[in-house]
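Read-outs throughout are calculated quantities, based only on the coordinates presented, and are distinct from any laboratory measurement. As the structure is a prediction and not an experimental result, all values here were calculated from the model. Every residue, glycine as well, gets a Cβ built from its backbone with ideal geometry; the counts of neighbours run over all protein chains shown.
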Amino acid sequence: MAGELSPIDKAKFVAAKRAAQFVEDGMRVGLGTGSTAAWLVRCLGEMVRDDGLRIKGVPTSTRTAQLAREVGIEVISLDEAKWLDLTIDGADEFDGELNLIKGGGGALLQEKIVATASDQMVVIADIGKEVESLGAFPLPIEVIPFGWQTTRALIEEMLISVDVMGRDVTLRMNGDHPFVTDEGNHILDLHLGRIGNARQLAMVMNQMPGVVENGLFIDICDAVVIGYGDGRVEVRDINEGTVDRDRMDFVERETNIRQLVNGLAIKKTNDQLLLMPRNRQG
């Protein structure tokens, strides 16, 4: 039955399962948005249901909030939590210094607010998200709808003077209409190819009128959990300077993995996908 999961889904799942070990009873946890973060929410839901884990989750999108409630996680707002112990989220790209591009799912504003309101941010990703230099993934920029074409023109002019490979700026669409974020804004995707100085670009971008937030997460991530399609997991901690390696074995018990894939493994049944760590290395 494990064959029903593609290698990339296995990688996302084992990364999420390993990252769930960072969560302790009583924590206030920021819950990310995206396909990898959704695996994490489901794993935490299983821990709440099966192990009695008690946490309060602060979601970064309406989609995540809905999934968290479905799997039994208590959902509160950031204003209610005030501060978070931990945020776990995915990433579209990360580099060797754990700087990130996020926002492929359109939730970059809430994701950045929640991440910076946390004692620790842990990113979960498959190995394909690691890059030498950020920029291959289009950089999302959240802008207000009013005058967005003027904002785009200002961004295009600014890109002439910074170290990037490409300068194409497109409005993200949802069918025939502009994509709208949870805050009612639009997203401009910057197809840069390579970003020479991500820190400088992030600072310049947020000084531009009309720009709400950018998808560069600089000096925010503390650790990354990287999953591989064969069950290997690597945890890199930028603060401790450590790298831990595990291997997670799939153990199936009358498993219906499609329920997990679809986010429907909510009720306690015999349909469980368990992981067992082995051979921890430094």
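Listed values, structure above:
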{"quantity": "Assigned charges on the beta-carbon of Lys, Arg, Asp, Glu; segment 139-214 dipole about Cα centre (debye)", "calculated": "240 debye"}
{"quantity": "FRET efficiency for residue 167 and residue 116, using Cβ-Cβ distance with R0 set to 22 Å, rounded to 0.05", "calculated": "0.15"}
{"quantity": "Computed lengthening from residue 199 to residue 237, 0.36 nm per intervening residue step minus Cα-Cα distance", "calculated": "11.7 nm"}
{"quantity": "Modelled FRET efficiency - R0 30 Å, residue 154 with residue 130, Cβ distances, 0.05 increments", "calculated": "0.40"}
{"quantity": "Other-chain or far-sequence residues with amide H under 5 Å of residue 232's (modelled H)", "calculated": "248"}
{"quantity": "Rel. contact order, % - alpha carbon contacts under 8 angstrom, at least six apart, the chain", "calculated": "22 percent"}
{"quantity": "Simple label model, 7 Å out from Cα along Cβ direction - residue 79 to residue 51, nm", "calculated": "3.3 nm"}
{"quantity": "Residues 75, 14, 233 arranged by fewest to most Cβ contacts within 10 Å", "calculated": "75, 233, 14"}
{"quantity": "Loop-resident sites, segment 82-142, for GluC sites (Glu not before Pro), counting at most 12 other Cβ within 10 Å (DSSP)", "calculated": "132"}
{"quantity": "Coil-residue trypsin sites (Lys or Arg not before Pro) of segment 1-82, DSSP, other Cβ within 10 Å capped at 14", "calculated": "54, 82"}
{"quantity": "Given 10/82; 10/129; 12/56; 17/129, the pairs whose alpha carbons are separated by over 25 Å", "calculated": "10/82"}
{"quantity": "Model label zone, residue 245; criterion: amide N under 17 Å from point 7 Å along Cα-to-beta-carbon; scope segment 1-31", "calculated": "15"}
{"quantity": "Rounded to 10°, Cα long-axis angle of helix 35-51 versus longest principal axis of the chain", "calculated": "30 degrees"}
{"quantity": "Base-10 log of normalised Debye intensity for the chain (one unit scatterer per alpha-carbon) at q = 0.07, 0.08, 0.09 Å⁻¹", "calculated": "-0.26, -0.34, -0.43"}
{"quantity": "Lys, Arg +1 and Asp, Glu -1 on Cβ, resulting dipole of the chain about Cα centre, debye, nearest 20", "calculated": "540 debye"}
{"quantity": "Dipole of segment 139-214, positive direction: furthest Cα of 178, 140, 193, with charges on the beta-carbon", "calculated": "193"}
{"quantity": "With Cα atoms, 0 to 90° folded angle of helix 7-19 axis to the chain main axis", "calculated": "80 degrees"}
{"quantity": "Check: segment 56-164 dipole with +1 on Lys, Arg Cβ and -1 on Asp, Glu Cβ, in debye", "calculated": "440 debye"}
{"quantity": "Positive dipole terminus of segment 1-68, leading residue within 62, 29, 8 (C-beta point charges)", "calculated": "62"}
